[in-house]
Every structure is written in C-alpha cells, then in structure tokens.
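The values are calculated or read from the model by the stated rules, or taken from the named source; none is laboratory data. Please read all numbers here as calculations on a predicted model, not as lab measurements. Cβ sites come from the backbone with ideal geometry, for glycine too, and all protein chains shown count toward neighbours. Surface areas here come from the heavy atoms of the whole protein model, side chains and all, with no ligands, DNA or RNA. Shrake-Rupley method; radii C 1.70, N 1.55, O 1.52, S 1.80 Å.
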Amino acid sequence: MFSSPLRRAIDRGMKPGGDLAGELRDLDDYSVHSRKDAKAICDALGRLPPEPPSETDLTSPLYALAALFQDVDGREAPAFDILHEEGLPQLIRILDARMDKVTEGEDVDDLLFVLKILAMYGTREGAERVVSSALRPLRPDAYLWHVILSIFSDGHPQRDYVFETLSDPLPQDFIAVGLLDSANGAAIDGDLQDHPFNSPAGFRQLQDWLE
C-alpha cells in the first residue's frame, strides 16, 4: 500500500529512539495535501505526551508537527479540513496541558508557535487561547507576539473578539505593541470600528511610549 514520504518520516520519527523533528526537517518543502497525510499528523500529535520533552534538539517534535499546519496545499486541499477538525483540538490539548507547567525555557517558544498556528486557522477556540496567553502573560517580550497578533489585522473572523477582549485590560510589553500594530493595520484598511487603545488606559500607554 502506498505510503507518502511524510507518513514514512512520521513512522520513523515516532519509533523509540527516533528523531521526529529531524525526519520532518529532511522533507524540505513538502506540501501537505492528502487526507492520509493530515491523519498521520493528527495521530502523531495524539501520541505526544502532555509534558515537554526533557531534552530538546534544534526543533522539538511539537514544533515540527505544528509547522506542518503551515504547509497545507491551500484551503481546498483535502488535508485542510482534517487538520482543522482533528488537528487543532490536539494542539489545544497540548497547549492547555503544558501552559500550567511552562517555564521560561524553549517550551515557551513552542507554545507561542502553536498560538500562531491557532490564530492562522481562525477558530474561536484558538482565539481564546491567544487571548488567555496574552493576559497571562506568556513571555510578553517575545517578538513572535507581533506575528501572532498581526494575523488578526486583515479580515480575521475573530478579530473583533480579540481586540475587544485585549482592550481591557491592555496586555503588557511587546504584546501591547503587537496589538497596537495589528489594530492600526486594520484601521488603515478602513475596517475597524473600535480601536483597542481608544480608552483612558490606551491613551496613557501611548503617552508613556511617546515620552
């Protein structure tokens, strides 16, 4: 029975002693298209432990699998619906489990990357994790927050929810900068009614930055 390069790489990487991240990295610019490829990704996520690995390589298994969500061959690809319906809940499961135990180590970068993927796919559940992580806050000085929040700038289905919820209280540090840039982008495009910084707290924050 035909097995794709992706499924063979996942099979090898998930074996005891296997290097999943290395196997996936060797695929280079692989496009995820088929339902079977998507199912293999979801199955591998389902087998990841809720705790972060005790030792990390250049790329963690979670990061390597989450990155495949970016490699789907368009929203019309058969893989997209599978990752949307089955893969996102797995990412949320892992995120929720690790969030309570996260430290200022490499696992934080993995969780921020998962938040980026959740933002990209546009679900309410994903947006709720972005908001709760921003208010926590999860490494508020990380540049990746700018990338995460910029996704909500251009016609995102959860944009108004994210902007409204993060307007009071405003997030900290670089998360606030990312929120401002995202909201400004939406305002410049003429598609924003309520700016999250349009409040006394927002004015004070802008004044503090300017001064």
For this session: Express the accessible area of the stretch 1-142 per residue in Å², computed with a 1.4 Å probe while the remaining protein chains stay in the model.
Result: 50
For this session: Using a 1.4 Å probe over the heavy atoms of the protein chains, calculate the carbon and sulfur portion of the accessible area of the chain as a whole percent.
Result: 48
Problem set entry | Estimated distance in nm for a label pair at LEU210 and SER4, the labels positioned 7 Å out from Cα along Cα-to-Cβ | 5.2
Problem set entry | When the convex hull of its Cα atoms is projected in every direction, mean area for the stretch 1-141 (nm²) | 8.5
Problem set entry | Inter-site label distance for ARG136 and PHE203 at 7 Å from Cα along Cβ, in nm | 3.4
Exercise. Helix 35-47 sits at what angle to the longest principal axis of the chain, using alpha carbons and giving 0 to 90 degrees rounded to 10?
Worked result: 80
Seminar exercise, completed: The helix 88-99 Cα axis meets the longest alpha-carbon principal axis of the chain at an angle in degrees, between 0 and 90 and rounded to 10, of 70
Seminar exercise, completed: Taking placed amide H atoms and a strict 5 Å upper bound, the residues 5 or more places from VAL72 or on another chain that come that close are VAL32
Seminar exercise, completed: So the angle from the long Cα axis of helix 124-135 to the longest Cα principal axis of the chain, reported in degrees to the nearest 10, equals 60
Exercise. Between ASN184 and ARG25, what is the FRET efficiency for a Förster distance of 35 Å, r being their Cβ-Cβ separation, to the nearest 0.05?
Worked result: 0.45
